[in-house]
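K.L.:
Quick one: this structure, given as structure tokens, is what I'll be asking you about.
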Amino acid sequence: MVDVLKDKVAIVTGSGRGIGRGVIKLMAAEGAKVVVVDPGVNVDGTGTDNGPADQVVKEITDAGGAAVASYESVATMEGGERIVQTAIDSFGRLDIVVTPAGILRDRMIFNMTEEEWDDVVAVHLKGTFSVVKPACILFRQQRSGRIITFSSGSGLVGSSGQANYGAAKSGIAGFTKVVARDMGRYGITCNCISPSADSRMTATVPEEARAVRAARGIAAAGARGPQTTRRDPDDIAPFAVYLASDHASNVNGHVFRVYGGNVSLMSAPRVINTIYTEGQWSLDDLAQQAEDYLTMDLFNPAPAITPQQ
Amino acid sequence: MGDTLKDKVAIVTGSGRGIGRGIAKLMAAEGAKVVVVDPGVNVDGTGYDRSPADDVVKEITDAGGAAVPCYESVVTMQGGENIVKTAVDSFGKLDIVVTVAGILRDRMIFNMTEQEWDDVLNVHMKGTFTVVKHACILFRQQRSGRIITFSSVSGLIGNSGQANYGAAKDGIAGFTRVVARDMGRYGITCNAISPAANSRMTATVPDESRAVREQRGITTSFRSELRREAEDIAPFVTWLASDEAAHVNGHVFHVTGSTVSLMSDPAPIKTIHKEGRWTVDELIQLFPQTLGYELPNPAPAQPAPPPQR
């Protein structure tokens, strides 16, 4: 045990299992007092179980660390407020908020139900807002704090069958960039991790779906880099701890892709090709410029296929 | 009158005013039959007024075009379904969906209410889903269709005071990338526009807040161009909706004045790698000279104000 986060108090949502569990255990090992937030739902958001949060708290305290459990759902504002309150009540302050909590309900867009949309957006996107907002009230008063949100290649790049998850995860990246600008001047940072790791959640994406995408030439998000095949959820933790530390006090408003032994700085969307005219475009001129220059050789992630007889 | 969209049927949400109005009118002038969707709400989402949609329909039909109004709100699944049904009932089919409808409720993250969050997310992001989902059922059956969504640099890059709007708008970019992958193989395209134009909506961002951001060194998104007419967005959207743009799928375009730019997706721009898991100490040593080297902070910490007497 070392002390990169000595005397800090951290909240990690969804830390009963998977990536969140790895992050919170390493934070505790580095000296942070932690709130293990996990209502113990199934991957699709149903059910509740105190077991996962309790188990992680036990592992941390058995190892000599300080941890309490919270079984609140992040999907309501009251839940977010109670999670922040748990940190204050248990440890007297709050320094770090990490929000990996998430569920999956994959479905092609034309079949996706309202409930599948609402549930996924509520946990990921509103569930990030519900915790970050009350934390920001404290962070602004104390003029310090670290916020680490979780995005995904599914939203940043796009993954078939995940319109709900992709919208929520890309939305979290946008949220992060705004919060970084709202809070930066108070000495607070807000950054986003786009992780790739094998966990209970990714195990729900059927191999069949991966194979179908590949066979049909549909580009998949987060193609694994050539350097590594490591996809251990615990691999995300060291970089999250670094971002949460005093060493990263000027790292603000960025998205990092983390998997295995790789950490990448992601670009924000930027202009890569431009057409311009004096005054207003005529449709004919625009069509010609757009076709011959702006969109020439543009990558189509899912080209049209001829229906089979 | 041209015939770029001859015999096509188009839905344009939020087309009673601003950018949507310009698109509906140009599409109609290019031969499309148009459903002008607008419940005539105020910029903050309150109120109801049929006249904006009715006025645009009158302008189009007076000019010899074909248009019907629709006063449905996009925030419910039923509203989205009714909008699609209006196109089919009025004109027998649907070819193009453009989702411009949006509202603003700016607030710093630490003061943002649940309602301000929910209202903005519902109109922009869920309001995109409700219409696109129902259109996709038809588009998949007929194996053709064009979907054009609206994002914003507030989400792509980040704008202080807009955590709700930024999350929704980057969420729409993620949604667009997924839908492009879900629908592309059926010969359908889905792309997003990030517009910059003066409209009723942007007029609600006070000049004062722009000045404050500048003074405090908080980076804002793109600098404003000289030309910012709401009508300037229409020509490129019309081209994207045409048969000529069949190869353009899954991309984000920034459109302002006479400029049309292809935006990059978020992508790794620098990577550090090791075999196996990083330690926090290694990251503390390595990050500042690698990924963190000259990394901009969009809102650097400011000194605390002197205590009040």
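The values are calculated or read from the model by the stated rules, or taken from the named source; none is laboratory data. Since the model is a prediction, treat every value here as computed from it, not as a measurement. Virtual Cβ from ideal backbone geometry, glycine too; neighbours counted across all protein chains shown. The protein model used for the area step is the full one, side chains on, heavy atoms only, and it has no ligands, DNA or RNA in it. Shrake-Rupley method; radii C 1.70, N 1.55, O 1.52, S 1.80 Å.
K.L.:
Within the range B:128-171, which residues are under 18 Å from residue B:14 (Cα atoms), part of a helix (DSSP H, G or I) and more than 11 Å from the chain's Cα centre (by Cα)? Walk me through it before giving the result.
P.N.:
Narrowing the range B:128-171 to residues under 18 Å from residue B:14 (Cα atoms): B:128-135, B:146-152, B:165, B:168-169.
Among the residues that remain, those that are also part of a helix (DSSP H, G or I) are: B:128-135, B:165, B:168-169.
Listed by number, the residues that qualify are B:129, B:130, B:131, B:132, B:133, B:134, B:135.
K.L.:
Does residue B:93 satisfy being closer than 23 Å to residue B:136 by Cα and open to solvent by 60 Å² or more (accessible area, probe 1.4 Å)?
P.N.:
On the way: closer than 23 Å to residue B:136 by Cα: yes; open to solvent by 60 Å² or more (accessible area, probe 1.4 Å): yes.
Yes; evaluated as a whole, the condition is true for this residue.
K.L.:
State the number of residues belonging to the range A:125-173 that are over 14 Å from the mean Cα position of the chain (by Cα), among the aliphatic types (A, V, I, L, M) and at the interface with chain B (Cβ under 7 Å from one of its Cβ atoms).
P.N.:
2
K.L.:
Also: Across the range B:239-291, what is the total count of residues that are among the β-branched types (Val, Ile, Thr), more than 7 Å from chain A (Cβ to nearest Cβ) and in a strand (DSSP E or B)?
P.N.:
To start, the set of residues in the range B:239-291 that are among the β-branched types (Val, Ile, Thr) comprises B:248, B:252, B:255-256, B:259-260, B:269, B:271-272, B:279-280, B:284, B:290.
So of that shortlist, the ones also more than 7 Å from chain A (Cβ to nearest Cβ) come out as B:255-256, B:290.
Within this subset, residues satisfying the condition of being in a strand (DSSP E or B) are B:255-256.
Final tally of qualifying residues: 2.
K.L.:
Another question, then. Given the options A:295, A:274, name the one that is β-branched (Val, Ile, Thr), at the interface with chain B (Cβ under 7 Å from one of its Cβ atoms) and surrounded by fewer than 15 Cβ atoms within 10 Å (Cβ to Cβ).
P.N.:
Numbers: A:295 fails: surrounded by fewer than 15 Cβ atoms within 10 Å (Cβ to Cβ).
The match here is A:274.
K.L.:
Another question about this same structure. Give me the residue from the range B:256-287 that is aliphatic (A, V, I, L, M) and at pLDDT 95 or above and, out of that set, most open to solvent (accessible area, probe 1.4 Å). Working first, answer last.
P.N.:
Going residue by residue through the range B:256-287, those that are aliphatic (A, V, I, L, M) are B:260, B:262-263, B:267, B:269, B:272, B:280, B:283-284, B:286.
Narrowing further to those that are at pLDDT 95 or above: B:260, B:262-263, B:272, B:280, B:283-284, B:286.
Details: B:260: 2, B:262: 11, B:263: 4, B:272: 12, B:280: 8, B:283: 1, B:284: 25, B:286: 54 Å².
In this case the residue turns out to be B:286.
K.L.:
On to the next question. Counting only residues that are in contact with a strand residue (DSSP E or B) (Cβ under 8 Å, 6 or more places away or on another chain) and not aliphatic (A, V, I, L, M), how many does the range A:40-69 have? Write out each step before concluding.
P.N.:
Taking the range A:40-69 as the starting set, the residues that turn out to be in contact with a strand residue (DSSP E or B) (Cβ under 8 Å, 6 or more places away or on another chain) are A:50, A:53-54, A:56-57, A:60-61, A:65-69.
Those left that are additionally not aliphatic (A, V, I, L, M): A:50, A:54, A:61, A:65.
Of the residues in that region, 4 qualify.
K.L.:
Could you grab the pairs with beta carbons closer than 7 Å, sequence gap of 6+ or different chains, first residue in the range A:50-78 and closer than 24 Å to residue A:5 by Cα and of a type in the set (D, E, K, R), second one open to solvent by 60 Å² or more (accessible area, probe 1.4 Å) and assigned to a helix (DSSP H, G or I)?
P.N.:
Close Cβ pairs satisfying both conditions: A:59/A:25.
K.L.:
Just checking, which of A:145, A:166 is farther than 30 Å from residue B:181 by Cα and either surrounded by fewer than 24 Cβ atoms within 10 Å (Cβ to Cβ) or modelled with pLDDT of 95 or more (or both)? Outline the logic, then answer.
P.N.:
Working: A:166 fails: farther than 30 Å from residue B:181 by Cα.
Going through A:145, A:166 in turn, the sole match is A:145.
K.L.:
So, of the residues in the range B:164-176 that are out of contact with any strand residue (DSSP E or B) (no Cβ under 8 Å at 6 or more places or on another chain) and more than 19 Å from residue B:80 (Cα to Cα), which turns out to be farthest from the other protein chains (Cβ to nearest Cβ)?
P.N.:
Once the filter is applied, the top-ranked residue is B:165.
K.L.:
Would a scan of the range B:192-202 turn up a residue that is in a helix (DSSP H, G or I), more than 7 Å from chain A (Cβ to nearest Cβ) and either at pLDDT below 95 or farther than 18 Å from residue B:43 by Cα (or both)?
P.N.:
Within the range B:192-202, the first condition is being in a helix (DSSP H, G or I), and the residues that meet it are B:202.
Restricting the remaining residues to those that are more than 7 Å from chain A (Cβ to nearest Cβ) gives B:202.
Now narrow it down to the ones that are either at pLDDT below 95 or farther than 18 Å from residue B:43 by Cα (or both): B:202.
Scanning the range B:192-202 turns up at least one residue that is in a helix (DSSP H, G or I), more than 7 Å from chain A (Cβ to nearest Cβ) and either at pLDDT below 95 or farther than 18 Å from residue B:43 by Cα (or both).
K.L.:
I would also like to ask the following. Say whether the condition of being part of a helix (DSSP H, G or I) and surrounded by 23 or more Cβ atoms within 10 Å (Cβ to Cβ) is met by at least one residue in the range A:98-116. Give the steps one after another, and end with the answer.
P.N.:
Here is the first cut: in the range A:98-116, the residues part of a helix (DSSP H, G or I) are A:109-111, A:114-116.
Keeping just the survivors that are surrounded by 23 or more Cβ atoms within 10 Å (Cβ to Cβ) gives A:109.
Within the range A:98-116, one or more residues are part of a helix (DSSP H, G or I) and surrounded by 23 or more Cβ atoms within 10 Å (Cβ to Cβ).
K.L.:
Still on this structure, please answer the following. When you look at residue A:113, is it out of contact with any Leu (no Cβ under 9 Å at 6 or more places or on another chain), more than 7 Å from chain B (Cβ to nearest Cβ) and without any contact (Cβ under 8 Å) to a residue 40 or more places away in the chain, yes or no?
P.N.:
On the way: out of contact with any Leu (no Cβ under 9 Å at 6 or more places or on another chain): yes; more than 7 Å from chain B (Cβ to nearest Cβ): yes; without any contact (Cβ under 8 Å) to a residue 40 or more places away in the chain: yes.
Yes, satisfied.
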